[in-house]
Amino acid sequence: MRYLRAAHFEDCGNNVGGTGSVDGVGDAGSTIATPARWIVGRDRLKWRADVDGLDLYYGPAMLARVVPDATTPGMYRILVRGQVSDMTNVSRAKDAAVSIALGQLNLEPQERP
């Protein structure tokens, strides 16, 4: 997560000892920049084995599935929101599923101009 430096607050006319939040609205006397929203990381996602493959969860919500290809042994496909990916090995499929899920979870802008 990227925090703004003290120099940014001085350039914007804000006093570092004054408002300390990223958007300029904060408690008087605060000196730490706080983000408007937390970013979801890989450590918050969990894999669960299923009969058909592997499911990727964030809390109770299933975000993606990695399933074996029906015709080629040792190859897998990713299922995300009804779309099917190309074939790949299980390691790359899991990595791609996590990347897609994090992209969707962190879609909103994290910083304000």
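Ranked for footprinting exposure by Cβ neighbours inside 10 Å, fewest first, 78, 39, 100 give 39, 100, 78.
When peptides 51-61, 85-95 are sorted by average Cβ neighbour count within 10 Å, with the highest value leading, the order is 85-95, 51-61. What's the local net charge at residue 71, with K and R +1, D and E -1, over the other residues with C-beta under 14 Å away? Within the 14 Å Cβ shell, the charges total -1.
Could you list 38, 47 so that the one with the fewest beta carbons within 10 Å of its beta carbon is first and the one with the most is last?
38, 47
Using Cβ point charges alone (K and R +1, D and E -1), the dipole size of region 42-105 about the Cα centre works out to roughly 200 debye. For residue 64, the amide hydrogen comes within under 5 Å of the amide hydrogens of 56, counting only partners 5 or more places away or on other chains and with H modelled in the peptide plane. Rounded to the nearest whole Hz, the Karplus-based 3J(HN,Hα) values (6.51 cos²θ - 1.76 cosθ + 1.60, θ = phi - 60°) of region 74-86 follow the sequence x, 10, 10, 10, 9, 10, 9, 6, x, 9, 10, 8, 6, with x at glycine and proline.
Readers should treat all values here as calculations from the given coordinates under stated rules, not as data from a laboratory. Predicted model, so just to flag it, every value in this text is computed and none were measured. Cβ sites come from the backbone with ideal geometry, for glycine too, and all protein chains shown count toward neighbours.
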